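*Asks:* Got a structure here, written out as structure tokens. Questions coming.
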Amino acid sequence: AAADPRDPAQSARCKTGGRRRAPDQSAAELWTELTGLVGCSESEDGSGRGAEGGAAEVSLEEALVRLAEFLSVQLGAEESCEYPLDLSKPGDVPPLLTMTGQLLALLAWIRIPRGRQAPPQGIQPASGAQAPTPAGPTSLEESPSLSLRGEAQGQQPPQLEEDQRAWQRLEQLILGQLEELRQQLELQELELGRLRLGVGATDSEKRVQRLTLENEALKQSLTLTQDLLRHWGPSPPARAPQEEAEALVALQGQLQEAQDTTEALRVQLGVQEVQLQGLRGALRQLQQETEQNCRRELRQVHGQLAGLRAHMASLRRGCGDLRGLVSTFTQSCQGSLSEARGQVSWALGALSASGAGTQLPQEQQGSPSGCPGRLLELKGNIRVLCRLRPGTPSSLVSSEPGPGGTVTTCYRGHQHRFRLDWVFPPDASQEEVFRELEPTVLSCLRGYSVCIFTYGQTGTGKTYSMEGPPEDPGIAPRALQSLFREMRTGGQHRVTLSMVEIYNEAVRDLLAPGPPERLAVRQGPASQGGIQVAGLTYWDVPNLETLHQMLSLGRSNRATAATAMNQHSSRSHALVTLTLRAASPLRGSGTAGTLHLVDLAGSERAWKAGAVCSARGDPDSAQRLREARTINRSLLALGGVMAALRARRPHVPFRDSQLTRLLQPALGPGATAVLLLQISTRPEDLGETVCSLKFAERVGQVELGPAQRRRAPRSGTPSSLSTDTPLTGTPCTPTPSPGSPPSPGPDSGSSSALAPPEDLPS
Ligand SMILES: Nc1ncnc2c1ncn2[C@@H]1O[C@H](COP(=O)(O)OP(=O)(O)OP(=O)(O)O)[C@@H](O)[C@H]1O
């Protein structure tokens, strides 16, 4: 409109000498101006003069021009904010544009000289935004006077009727506008309903704001139009303006209602947004909880899986143990069968011999020596016996003596019951202890490898049980006596003796002439148990007396010292090895049994020994402490070996200490071992007692496989000893005369295991 020279608003402004408006004059200023016009006209007293005397009258035309100008600015502002409009679609034509078009049409009509022109006919209320065509040249001089009302009073009735018809048309037009506005409001309500279902809070808000603004602008336009019509329109019939006013009031009510609805919707939208946020928070929390639950369950499943794996592994181990037991049982059955066969053939031979009066072969006469071996196999290859040291009885340690007996301890409030193969009470005699061991000892004569070792806390009677005082000898003297007695009646045997001690991890020959020297332990052939002790001396022992003399000599060479726990405490492990070779008189193979008698040094807590020694101010306390540590280390290694054997591990750590290295042949497959556990019942020794019992319990679960007899290969000469190992070294000579130190045999210095070379002549 501003660019069009035919624009009535522009021409009106120019011709009336109206103020020029700045191009950027805002809608707010225009609105203020318009409301000022209304105020001015309201204050008129009907003569058309403003309240401020002398103020120019404002014509309806100028008012309409300003209204159109305001609407066009408002419309421009909307168009600049909104999307481009498609005017070809009637539904998209904004009401403001329509309203502006109608106003311009009205303005054009006003400018038409009265009586010559009819009101515009082409005005279509909702037809779109087409601007009305100015109806020919207009001039202000020709335009109606400023006060239509005054002019109307002087008109002729036909003119008045024409005006009234025109106003009626205009009224219809405005009513059409109002109808359109109502439809627009309905559309907005629909839009709001759509927004209620929408998700974008920001877009919805923007839309609501835009619709609210639009409503506000429409409302203002309508109010303004109503005011203009009321003040400047011809005096209509009394009814039409009232109806119009009522319609306007109704429209305002609808508008108010729409605004209220909009407000309510906005509040509802806000509530729903809050609810949505709350739901989002709950969803997030739910997700977190679900994640945590999943992780927890996953961890539990992993734990269960690990437990199942461990269980499967233990089941596999159990299966392996079972397989081992089955094979042991099978072998044991086979051994029993062959033994039974031998006994039957011996009985048959005896029967026939008694009939024929012939002499039985030596081996077949040996039922006494057969029985111990069989007994040994039946009893198992590792047995654990326990002997309680005499002393003040304590309620903390109680026992049920006898075979399969138990020892019950009450330590730190926990009661523990240990079951052992045999329990000897404190008052058990040396004789009783040896009686239980005698069959095992005698099995050496049948070619079995037997190891008897005493284990326990220092001062609990290990040496007492193994050696014993002269007036009440222990296991070793009784075993030798029993063996020699048996050999006297049982046939040809050759006895070889060696004796070593392990002191601070040094292996020393207790029967070597001269001062004891440290011997080197090396890896040897498997047939010799896998080890060799370089320089160890072996002694042929022709009789029991010589044997006793040599043993007492070795004992005297053993390292002992006075400790707080024992006045004559053994500070070393002592190993006596007796090899008994029997020759088979008829057929070539003889047997080579071995008896290891091991008196272990006492286990004691190093801090205990050290503290006691220090407290006593003993100058040798450091030495005692070192000894205690070394002893404990080697006993720990022995425990490791036992654990590996018990678990049937492929690797057994024999090389962890000198003690276990030397015991390797005694703990190998087919060997027989007896652990005599010595325990104290004193309350102050309770901790050590429980430790010892636990060690013994573990040892009791070790399986070495069925006991096996060692047979020497067939030899050319029935009377000579044959060996199953390569012949090395030269025969040793028996010898030490009683009271004099032994002289070394010719084979000293040659490498050999604890058992001597097997090529010694008889
Ligand atoms: N059953 C017993 N009957 C009588 N006296 C015993 C008995 N057991 C041990 N003794 C005595 O207890 C003392 C310690 O015994 P022994 O030297 O044999 O202990 P140990 O275990 O070998 O000690 P260490 O490990 O220190 O060598 C000795 O005087 C011994 O006579």
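*Asks:* Please specify each residue of segment 429-468 satisfying the condition of being part of a loop (DSSP other than H, G, I, E, B), open to solvent by less than 30 Å² (accessible area, probe 1.4 Å) and within 16 Å of the ligand (Cβ to nearest atom). Outline the logic, then answer.
*Replies:* In the first step, residues of segment 429-468 are kept if they are part of a loop (DSSP other than H, G, I, E, B); the result is 429, 447, 458-461, 467-468.
Checking the rest, the ones that are also open to solvent by less than 30 Å² (accessible area, probe 1.4 Å) come to 447, 458-461, 467-468.
Scanning segment 429-468 gives Thr458, Gly459, Thr460, Gly461, Glu467, Gly468.
*Asks:* Can you find even one residue in segment 398-409 that is more than 17 Å from Val674 (Cα to Cα), away from the ligand (no atom under 14 Å from the Cβ) and open to solvent by 50 Å² or more (accessible area, probe 1.4 Å)?
*Replies:* Among the residues of segment 398-409, at least one is more than 17 Å from Val674 (Cα to Cα), away from the ligand (no atom under 14 Å from the Cβ) and open to solvent by 50 Å² or more (accessible area, probe 1.4 Å), which makes the answer yes.
*Asks:* Let me ask something additional. Kindly indicate which of Val407, Val441, Val450, Val433 is β-branched (Val, Ile, Thr) and within 48 Å of the chain's Cα centre (by Cα). Let's see the steps before the verdict.
*Replies:* Numbers: Val441 fails: within 48 Å of the chain's Cα centre (by Cα); Val450 fails: within 48 Å of the chain's Cα centre (by Cα); Val433 fails: within 48 Å of the chain's Cα centre (by Cα).
From the options Val407, Val441, Val450, Val433, the qualifying one is Val407.
*Asks:* Would you say Val423 is β-branched (Val, Ile, Thr), over 48 Å from the mean Cα position of the chain (by Cα) and in a strand (DSSP E or B)?
*Replies:* Spelling it out, it is not the case that Val423 is β-branched (Val, Ile, Thr), over 48 Å from the mean Cα position of the chain (by Cα) and in a strand (DSSP E or B).
*Asks:* Asp421 - would you say it is within 16 Å of the ligand (Cβ to nearest atom) and open to solvent by 60 Å² or more (accessible area, probe 1.4 Å)?
*Replies:* For Asp421, the condition - within 16 Å of the ligand (Cβ to nearest atom) and open to solvent by 60 Å² or more (accessible area, probe 1.4 Å) - is not met.
*Asks:* Further question on the same structure: Find the residue count for segment 257-272, including only residues that are loosely packed, with under 12 Cβ neighbours inside 10 Å and either under 13 Å from Leu181 (Cα atoms) or not aliphatic (A, V, I, L, M) (or both).
*Replies:* Qualifying residue count, segment 257-272: 1.
*Asks:* Now a separate question. Would you pick out the residues in segment 63-77 that are touching a residue at least 60 places away in the same chain (Cβ under 8 Å) and either open to solvent by 10 Å² or more (accessible area, probe 1.4 Å) or of a type in the set (Asp, Glu) (or both)?
*Replies:* Listed by number, the residues that qualify are Glu69, Ser72, Gln74.
*Asks:* Checking the structure you have, find out if any residue of segment 199-212 is of a type in the set (A, V, I, L, M) and modelled with pLDDT of 80 or more.
*Replies:* no
*Asks:* In the list Ala637, Ala643, Ala647, which residue meets the criterion of being modelled with pLDDT of 85 or more and either in contact with an Asp or Glu (Cβ under 8 Å, 6 or more places away or on another chain) or open to solvent by 10 Å² or more (accessible area, probe 1.4 Å) (or both)?
*Replies:* One residue alone meets the criteria, Ala637.
The values are calculated or read from the model by the stated rules, or taken from the named source; none is laboratory data. Not measured: the values here are computed from a predicted model. For neighbour counting, all protein chains shown are included, and Cβ atoms are generated from backbone atoms with ideal geometry for every residue, glycine included. Only protein heavy atoms, including side chains, enter the accessible area calculation; ligands, DNA and RNA are left aside. Shrake-Rupley method; radii C 1.70, N 1.55, O 1.52, S 1.80 Å.
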